[in-house]
1. Given the condition modelled with pLDDT of 95 or more and more than 22 Å from the chain's Cα centre (by Cα), answer yes or no: does some residue in region 225-243 qualify?
2. Looking at region 107-119 only, could you name the residues that are more than 16 Å from the ligand (Cβ to nearest atom) and either over 22 Å from residue 225 (Cβ atoms) or part of a helix (DSSP H, G or I) (or both)?
3. Give region 150-173 a look and list any residue that's of a type in the set (A, V, I, L, M, F, W, C), within 15 Å of the ligand (Cβ to nearest atom) and either without any contact (Cβ under 8 Å) to a residue 60 or more places away in the chain or more than 19 Å from residue 92 (Cα to Cα) (or both), or say none.
4. In region 18-62, what residues are outside any helix (DSSP H, G or I) and among the small types (Gly, Ala, Ser)?
5. Quick check: is even one residue across region 322-337 within 16 Å of residue 384 (Cα to Cα) and modelled with pLDDT of 95 or more?
6. Of 126, 111, which residue is more than 20 Å from residue 217 (Cα to Cα), open to solvent by 70 Å² or more (accessible area, probe 1.4 Å) and of a type in the set (D, E, K, R)?
7. Tell me, which residue of region 285-321 that is of a type in the set (Asp, Glu) and open to solvent by less than 10 Å² (accessible area, probe 1.4 Å) is nearest to the chain's Cα centre (by Cα)?
8. Does residue 74 qualify as being of a type outside the set (Asp, Glu) and at pLDDT 95 or above?
Amino acid sequence: MKPLLNNDEFPKLPALDDTTKMNKLTTLTDCLRLNEETVRKVQQIFEEEMRLGLAKNPSRQSSLLMANTYIPELPDGSEDGYFMALDLGGTHCRVIMVHLNKANKEEPLVKYFDVPQNVRLGPGVKLFDFLAKCVYDFMKANDILSKSLPIGFTFSFPMLQKALNEGILVTWTKSFNSPGVVGQDPVKMLKEAIKRREDIDVDVVAILNDTTGTLIQGAYLDHHCTIGMILGTGSNACYVERADRIEKWEENHAGVKEVIIDVEWGAFGDNGVLDFIRTDYDRQVDANSLLVGSFTFEKYFSGKYMGELARVILAHLTHQGILFEGKGSKKLFTKDSFTTSLISHIEGDQMEPVNTRAILEEFDLLMNTSDDDIKIIRYIVHLITVRAAKLVSACLSCLLNRQTRSETTVAVDGSLYKFHPRLHELLVKYTSELVPNKKFKLMLTEDGSGKGAGLVAAIATRLMRYNKQIFTDSRG
Ligand code: BGC
């Protein structure tokens with residue numbers, strides 16, 4: 001059976017021995033199916049939210065930030081020199097040094113650091129002291145403490161930028177909730193932390209989102225690349241927009257023809273426009289999350305939440321007597337125990353459900369599992385995968401529609417995209433149906449937030465020489 005938008009029976013309900021169970025399963029899970037009309041409606045709403053997000057005086061508040069990144073040009077291949085990047089967005093942070101040159105053979109130097117929960121949830125000043133220490137440790141380990149280097153700061157949270165090197169954190173997302181940072185400029189806080197140390201000399205020349213890093217890295221590899229997308233712990237996209245379409249951009253930007261816009265689609269629907277697709281399962285995922293009531297769209301499918309969504313559904317079906325003889329296990333009823341990587345494993349099963357069985361064993365569920373249970377679990381996982389693919393395609397198609405070039409490469413990164421065995425194929429199918437006239441390809445672009453950030457630092461350094469308008473003069 002083909003995964004077409006108008007195929008309302010995909011994925012197919014499993015044939016079970018017990019028909020009453022089948023009917024009950026249909027009643028409890030049909031809310032997760034999005035028919036073609038609904039997907040097209042999501043697409044139209046997203047388009048309107050984008051328009052409002054770029055408007056100067058919108059008739060109502062859009063849920064999309066549509067933030068200006070102040071990056072007015074893509075790499076042109078002439079980037080040359082050593083650049084550093086600091087990448088914060090998940091439970092690990094990284095410090096990177098790239099050597100950009102025409103030959104581009106060298107692998108970047110990278111050091112990973114765990115960002116402990118007490119740092120992610122503790123006071124902002126401590127978080128930035130921690131980051132400055134990571135930069136120091138990296139420089140020391142690589143014997144470059146005596147060097148003065150430009151650094152690009154990948155900060156993968158919603159920001160309103162005022163310049164390429166100045167932003168204001170709008171809200172925390174994912175697993176961060178550090179007080180004293182929302183409403184502040186992360187560049188300033190990082191510079192202050194660096195100054196407090198007095199033992200490193202780096203210049204934070206740019207702040208960027210991971211989608212932006214991915215787009216820039218993609219454009220470095222493929223000149224058709226004008227969209228960056230992250231399907232990882234969180235989700236988001238950015239794209240190259242015509243400067244004259246950004247009505248809200250009041251600053252003097254004469255001569256700038258295009259600029260990268262960070263959509264921040266994780267928050268799509270925070271104003272209620274997507275409530276018609278919200279299920280009780282989604283409401284529960286939200287209620288179980290760190291930042292309740294925000295990032296509605298991201299919570300439908302991103303890596304931080306998709307496993308939890310599956311768990312919530314499976315737990316409910318168990319309580320309804322549809323799975324595991326109604327018994328379940330402690331682990332199944334424990335919040336966040338079912339990670340999104342398990343979705344990829346289950347989707348990776350071919351004819352024999354080897355991975356599914358192994359997971360059930362790990363969840364102490366195998367002894368109460370029937371063959372029907374296995375079919376149901378696989379079905380649920382397909383259902384939420386297909387819903388994820390349709391939602392992402394609805395939004396991606398709008399970004400593609402805005403591209404004026406004859407073909408577009410979408411640079412994609414993130415663990416969900418990388419490890420899910422079917423997501424890529426479904427995204428390509430649904431998106432092609434939504435924008436039949438657009439030629440596009442999805443290109444896995446790893447390390448955008450590392451190498452891409454180094455490239456942004458290089459572009460920033462180049463631009464500093466002649467285009468001051470996109471910088472805040474707060475060096476030092
Ligand atoms: C953040 C975005 C980021 C995305 C992917 C979201 O939670 O708001 O800024 O791009 O996660 O990391």
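1. No: region 225-243 contains no residue that is modelled with pLDDT of 95 or more and more than 22 Å from the chain's Cα centre (by Cα).
2. Our first condition is that a residue be more than 16 Å from the ligand (Cβ to nearest atom); within region 107-119, this holds for 107-114, 116-119.
109, 110, 111, 112, 113, 114, 116, 117, 118, 119, listed by residue number.
3. 159, 160, 168, 169, 170
4. Just the residues of region 18-62 that are outside any helix (DSSP H, G or I), to begin with: 18, 33-35, 55-62.
The answer is 55, 59, 62.
5. Keep residues of region 322-337 that are within 16 Å of residue 384 (Cα to Cα), which gives none.
No: region 322-337 contains no residue that is within 16 Å of residue 384 (Cα to Cα) and modelled with pLDDT of 95 or more.
6. Details: 111 fails: more than 20 Å from residue 217 (Cα to Cα).
Exactly one of 126, 111 is more than 20 Å from residue 217 (Cα to Cα), open to solvent by 70 Å² or more (accessible area, probe 1.4 Å) and of a type in the set (D, E, K, R), namely 126.
7. Narrowing region 285-321 to residues of a type in the set (Asp, Glu): 286, 298, 308.
Now narrow it down to the ones that are open to solvent by less than 10 Å² (accessible area, probe 1.4 Å): 298, 308.
Numbers: 298: 8, 308: 17 Å.
Per the stated criteria, the residue is 298.
8. no
The values are calculated or read from the model by the stated rules, or taken from the named source; none is laboratory data. Not measured: the values here are computed from a predicted model. Using ideal geometry, Cβ is built from the backbone for each residue, glycine included, and neighbour counts are taken over all protein chains shown. SASA here: full protein model, heavy atoms, side chains in, ligands and nucleic acids out. Shrake-Rupley method; radii C 1.70, N 1.55, O 1.52, S 1.80 Å.
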